[in-house]
Structure formats: structure tokens, C-alpha cells
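*Asks:* Mind looking over this structure? Questions follow.
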Amino acid sequence: MSRTIVVTGGTNGLGMALARHYAERGDQVVAVGSSEEGGRRLREVVPMAQFVQSDLSSLRQTRDLVERLSDEHPVVDALVLAAFRFNPVRVETDEGIEHTFALYVLNRWLMADGLRGSLESAAAPVIINLCGAGQGGRIRWDDLQLKDRYRAIAATMQGAKAGELLGAAYASERTKYVLYNPVFVATGLHEPFGQPLRALVRMASVVFAQPVAKAVPPIAALIDHPPAEALTAWKKGKIIDLAVDRNEARRFEEAIRPMAQSASS
Ligand SMILES: NC(=O)c1ccc[n+]([C@@H]2O[C@H](COP(=O)([O-])OP(=O)(O)OC[C@H]3O[C@@H](n4cnc5c(N)ncnc54)[C@H](OP(=O)(O)O)[C@@H]3O)[C@@H](O)[C@H]2O)c1
């Protein structure tokens, strides 16, 4: 039976590889990316997928997207959260939010929360949050947007920790929440860096990273057969123990809810 798979960041790397995997199986795939270039790449590689252009670091555009997807797809079997950009220096979005926090944290919360209805209508719904789970990131409670001291790694690690907390806070009877850390996969990872770092990351990627084709099957297995537990965490195909503090998870969700909702008004 054909299913509906929504992939944010579905125009490159792991997201596009998953889009291709499911489109080739005859599923209905919606791939979201911010650039025309990504749209062209998707049309070339995965012509069967539907491309939706949206800048997901914009909370306003995210909310429009959620509304559109909810209207067009009353049933969503899987939501894959893969839109990501590494920001070597601190960047603010047009809405005045630190970019990593907007894209990696607020967007993912809004997507999961906003598509709750469509997911709950599916037979075996699952959210796959592709992230850096289990890497020991921490939340800067007094400076969530790293205004005082921005470090790209700290912003990325905080986003990964945020994913763990939002996964734990996602209360659903039916939709399983999967945190999946692919560890090091040869994708478009090098693209945000300037030279000479770009060449170095690319070289490290060629030598040490897993090819995308190898990274896809364990993720697809979790989409095809979601785990029985409400929240699980995985690293490169292996389940990991993740001790998430439920109080911290609730506190974090309460902290970001007004930020995410303020953009709508
Ligand atoms: N690759 C790894 O080794 C690795 C390791 C650990 C975790 N992960 C996680 O896996 C996920 C996928 O990583 P990847 O390496 O496959 O990424 P990638 O190749 O860099 O692709 C990123 C995707 O996100 C989209 N994107 C970026 N900014 C966006 C925006 N503002 N709005 C909408 N879409 C946007 C890009 O399209 P546009 O540029 O057109 O917007 C692209 O489709 C990420 O969440 C990452 O954190 C990856």
C-alpha cells in the first residue's frame, strides 16, 4: 500500500536518499528544501517526488508549510526531519532568531507538533529526527540563542540535545519518535565551510564517512517498522540508552513554545 512520507531537507544528502528510496517504491514523497538548486537536483534524481520550496529557518514559512501539508495530506505515515545547515558564524534569521536554533530546534518542534493530526491518522506513524543524539550536548538555559558567545559546535550540540528533549516531550499515543544519529555520512556536510576547511571536510568525508547508500537501510527499517516504544535513540543503526530528564524536557518545551508561536502573530 502506498504511504505518504514528508522529508524536510529532502533535496540533498540523507534526506534526498530517503526521498529516492520511498519514491522508487511507489510511495508519495514530499521533499522540502529552501533553494531552487535543491529543487532542480531533486527533479533530476527523484522526479517522482513532489518538491516544496520553503525556508524552514523561517517560522512563518514553517507554519504556512504545516498548514499546506495538513490540508493536502490528511494522512502522513512518516515525517523525516533532516533540514540542517551548519553555521560557522552566528547568523540571525529575518525574524531575529539565531539560525541554528530556528532551523534545528524551533522548526522541528513546529513540524512535529503541526503534523500531529496527519500522523495520528496513519496506521503506524513515525517521526525520524536525524540529529546528533547521544553526543552529550547541553542547553544554554541563560542564552539559548548564544548571543553572548557563539560557537558553531556549541550551537549544533545544543540543537542535538534539544532534539532529545523534544522527543521526550512529544506526547503521542500512536506516533513513535525516533532520534537517529547517522554519525558521519558523506553528504553535503562540507558545503557551508569556506576554503580551506571545505576541502578538508570533504576529504575527511571521502576517507572516513559512510556512503549515503549504506546509511539509508537502517533508517528505512525504522520507518517501515517503527519501534514499539514511544521514544528511542539510535546511532548508526544501533539502539542506544538515552537518559532524558522528563522535567527538563517539559521545561524546554515550555521555553520554546512562545518563541515558536510568536512568529505566527
Ligand atoms: N551527514 C552526517 O554525517 C550527519 C551526522 C550527524 C547528523 N546528521 C543529521 O542528518 C541530517 C541530514 O544531514 P545531511 O548531512 O544529509 O545534510 P545535507 O546534505 O547538508 O542536506 C541538508 C538539507 O537541508 C536542506 N536545508 C538547509 N537549510 C534549509 C532551510 N533553511 N530550509 C529548508 N531546507 C533546508 C538543504 O536544502 P537547501 O540547501 O536547498 O535548503 C538540504 O536538502 C541533519 O539533520 C544532520 O544534522 C548528519
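The values are calculated or read from the model by the stated rules, or taken from the named source; none is laboratory data. Small disclaimer: the values here were computed from a predicted structure and weren't measured. Backbone-built Cβ (ideal geometry, glycine too); neighbour counts: all protein chains shown. Just the protein is used for accessible areas: all its heavy atoms, side chains included, with ligands, DNA and RNA removed. Shrake-Rupley method; radii C 1.70, N 1.55, O 1.52, S 1.80 Å.
*Asks:* Hey, does the stretch 49-56 have a residue that's modelled with pLDDT of 95 or more and exposed (fewer than 14 other Cβ atoms within 10 Å of the Cβ)?
*Replies:* So the first thing to find is which residues in the stretch 49-56 are modelled with pLDDT of 95 or more, and the list is 49-56.
Narrowing the set further to residues that are exposed (fewer than 14 other Cβ atoms within 10 Å of the Cβ) leaves none.
Checked against the condition, which is being modelled with pLDDT of 95 or more and exposed (fewer than 14 other Cβ atoms within 10 Å of the Cβ), the stretch 49-56 yields no hits at all.
*Asks:* Return a yes/no flag: does the stretch 154-170 have any residue that is in contact with a Pro (Cβ under 8 Å, 6 or more places away or on another chain) and either hydroxyl-bearing (Ser, Thr, Tyr) or touching a residue at least 40 places away in the same chain (Cβ under 8 Å) (or both). Outline the logic, then answer.
*Replies:* Kept after step one, since they are in contact with a Pro (Cβ under 8 Å, 6 or more places away or on another chain), are these residues of the stretch 154-170: none.
Looking for residues that are in contact with a Pro (Cβ under 8 Å, 6 or more places away or on another chain) and either hydroxyl-bearing (Ser, Thr, Tyr) or touching a residue at least 40 places away in the same chain (Cβ under 8 Å) (or both), one finds none in the stretch 154-170, hence no.
*Asks:* Taking the conditions exactly as written (within 17 Å of residue 128 (Cβ to Cβ), open to solvent by less than 50 Å² (accessible area, probe 1.4 Å) and either modelled with pLDDT under 95 or among the β-branched types (Val, Ile, Thr) (or both)), does residue 201 satisfy them or not? Steps first, answer last, please.
*Replies:* On the way: within 17 Å of residue 128 (Cβ to Cβ): no; open to solvent by less than 50 Å² (accessible area, probe 1.4 Å): yes; either modelled with pLDDT under 95 or among the β-branched types (Val, Ile, Thr) (or both): yes.
No: the conditions fail for residue 201.
*Asks:* Also, I was wondering about something else. When you scan the stretch 122-129, do you find a residue that is part of a loop (DSSP other than H, G, I, E, B), closer than 19 Å to residue 170 by Cβ, touching a residue at least 24 places away in the same chain (Cβ under 8 Å) and open to solvent by less than 40 Å² (accessible area, probe 1.4 Å), even just one?
*Replies:* Yes, the conditions are met somewhere in the stretch 122-129.
*Asks:* Six or more apart or on different chains, Cβ under 8 Å: which pairs go from a residue in the stretch 211-226 that's in a loop (DSSP other than H, G, I, E, B) to one that's surrounded by 15 or more Cβ atoms within 10 Å (Cβ to Cβ)? Could you list them?
*Replies:* 211/185; 211/186; 226/125; 226/126; 226/176; 226/178
*Asks:* Give the residues of the stretch 70-106 that are assigned to a loop (DSSP other than H, G, I, E, B), more than 17 Å from residue 130 (Cβ to Cβ) and within 9 Å of the ligand (Cβ to nearest atom), sorted by residue number.
*Replies:* 93
*Asks:* A follow-up question, please. With 178, 207 as the choices, which residue is without any contact (Cβ under 8 Å) to a residue 24 or more places away in the chain and away from the ligand (no atom under 12 Å from the Cβ)?
*Replies:* Numbers: 178 fails: without any contact (Cβ under 8 Å) to a residue 24 or more places away in the chain.
Exactly one residue qualifies, and that residue is 207.
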